[in-house]
Amino acid sequence: MRRVSEGGGTNGGRLWEAVRAVPRTLREDLWTVAREPLPSLRWLGRLPHAHAVLFAVLMGLANANQYEPQLEPATSAATTTVATAGAMAVTLLVVLQSGAAILALSRPVPAWWLSTLALFLARTVGETKVSHAPLWSWSFPGIALHTFVLFLLALRVRPRVAAEALGLTLLSGLAAWAFAAPAQQPSLLQDAVTCTTAVVVGASLRGRRVARSQLVEQEVRTADERARRTLLEERNRIARELHDVVAHHMSVISIQAQVAPHLVKEPTDELKENLAGIRENAVEALTELRRVLGVLRSEDASSDGVRHAPQPTLGRLDELVGKVRATGLAVVTETTGQPRPLPPGVDLSAFRIVQEALSNTMRHAPGAAVRVDLGYRPGGLTVRVTNTAPDRPAPPSPGAGHGLLGMHERTAMLGGELATGPTPDGGYEVTAILPTHTAEPAEPGEDAP
C-alpha cells in the first residue's frame, strides 16, 4: 500500500508539474511575432499567394454583406448614434478578419491572434446578427476566413503549436457563445469540425514538405559523403602505387651508400660514418614506407602477386592498347617529340591517365574510335586521349566511377593541368599536361627567382 501511495503521489506530482507548465508552453509557442513567410511553389511561384489575397478580399466582402446591425427604427438621436457605432464596430471586425488572412501569409501566429479576437468580438460587441437564419454560430465567410488562417498557420508551425491554436480557438468560440447568449441555437460542432479539418490538412502538408526537405538534405549529405569516400579511396590507391616508386629509390640509395666505401681507396672514417648514416636513414625510411603501405592495404582484397607487381609505365602502353583493341575498340596512338626517360611518378601517372581514359571510353562510348597522343616537350609531357561519338547507347554504369577523379588527383599531385570535356562531334577529350622538371633549390647567397 505504501508503494502504491508513493507511486500515486509521484504520478500526481508529475501531472501537477505538467499542468503548471502549460501556461509557459503556450507563451513560448504562441506569444511571438516571428516572421514565417509562406514559401513559393516550384512551378506556380507566387501565384498561390495572389489567390490567397483574392480569397481574403472576396470573403471579406461576403462577410460584410452577411452582418447587419440589429437596429430598431430610429426614433431619437441617441438611437441613431448607437446604431452608427454598432455598424462601425462590425465593419472594423470584418476588415480585421480579412486582414488577418492576408497577414497569415507572412506572420501566421499574430494573424491567428487577430482573427481569433475578431471572431470572438463579432458575437459579443454590439447587437449584431447574421442577416439570415444561419447553420453556423458565425457567418459562413467569417468561419471560412478563420479556417483559412488556421490552415496557413498549420502549414508553417509545428503540429503542437497548431493544436494549441486550435484548442484556444474552440475555447474562444465557447466563451463567445456563453457571453453572447444568442437567440438561435448555435452549431459549434460544425465550426469545430471545419477548423480541425483545416489544421489536420495543413499539418499533414507541412509534414510532407518537411520530410521532402529532409530527404533532399540527406541525399545531398550522402552524395557529399560518397564523393569524399571516393576521393580518399583514389588517394589511397595512388599512394599504394607511388610506394613502389619511392621504395625503389630508397633501396638504390641504401645500396649505393653501402657500396660507396669500397669504391674509394682508403676512405676516411668520416666518409664511412656519413655513408653509414645515409644507409641507416634510407633503411629506416623504407621500413616506415612499408608500414604505411600496410595500413593502406589493410582492407585490400587483392592477391599478393598483384600487390607486389611492379608498377606500369609508358613502356607498356602498346600492351595496354593491344588489350583494348581486343575488345573491339579502334585505338590509334601517336608520339610527337623525342621520347626520353621520365621521372617514375610522371611515367606511372601518364600510364594511369591513358588507362583510365580508355576504360571510360569502353564503358561510356561503345563502338567509338579512340586516339592517344603523347607529346614530349622540354619541360613536360602532354597526354591527350580523344574518342568519337558512340555508335550505340552505353549500358548503365553501376556505382560512382573513380576515373576522372583519379586523373585530377594524379595531375594535381605533379603540379600539372588537366582538361576534360565533350567535343563538338559528340565525343570526349582528356588532355593532361605533366611537368617533368622540379625547381632546383637556390644556392646560398642567391636570390630565389
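The values are calculated or read from the model by the stated rules, or taken from the named source; none is laboratory data. Here the structure is a predicted model, which is why all the values come from computation and not from measurement. Positions of Cβ are generated from backbone atoms using ideal geometry, with glycine treated the same way; all protein chains shown enter the neighbour counts. In case anyone asks, the SASA skips ligands and DNA or RNA and just uses the protein heavy atoms, side chains included. Shrake-Rupley method; radii C 1.70, N 1.55, O 1.52, S 1.80 Å.
Filter segment 146-163 for residues that are open to solvent by less than 30 Å² (accessible area, probe 1.4 Å) and assigned to a helix (DSSP H, G or I) and give the result.
Of everything in segment 146-163, those that are open to solvent by less than 30 Å² (accessible area, probe 1.4 Å) and assigned to a helix (DSSP H, G or I) turn out to be 146, 147, 149, 150, 152, 153, 154, 155, 156, 161, 162.
What about residue 230, is it β-branched (Val, Ile, Thr), in contact with a helix residue (DSSP H, G or I) (Cβ under 8 Å, 6 or more places away or on another chain) and on the phi < 0 side of the Ramachandran plot?
In short, yes.
Right, residue 347: surrounded by 19 or more Cβ atoms within 10 Å (Cβ to Cβ) and of a type in the set (Asp, Glu) or not?
On the way: surrounded by 19 or more Cβ atoms within 10 Å (Cβ to Cβ): yes; of a type in the set (Asp, Glu): yes.
For residue 347, the condition - surrounded by 19 or more Cβ atoms within 10 Å (Cβ to Cβ) and of a type in the set (Asp, Glu) - is met.
With respect to residue 184, determine if the residue is within 19 Å of residue 139 (Cα to Cα), modelled with pLDDT under 90, open to solvent by 70 Å² or more (accessible area, probe 1.4 Å) and touching a Leu at 6+ places or on another chain (Cβ under 9 Å).
no
Conditions (1) touching a Gly at 6+ places or on another chain (Cβ under 9 Å); (2) modelled with pLDDT of 70 or more; (3) open to solvent by 50 Å² or more (accessible area, probe 1.4 Å), marked per residue:
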| position | (1), (2), (3) |
| --- | --- |
| 251 | no, yes, no |
| 258 | no, yes, yes |
| 262 | no, yes, yes |
| 267 | no, yes, no |
| 283 | no, yes, yes |
| 287 | no, yes, yes |
| 297 | no, no, no |
| 300 | no, no, no |
| 319 | no, yes, yes |
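For segment 366-430, please list each of the strands (runs of 3 or more DSSP E) lying entirely inside it that holds at least 1 residues being exposed (fewer than 12 other Cβ atoms within 10 Å of the Cβ) and at pLDDT below 85.
Answer list for segment 366-430: none.
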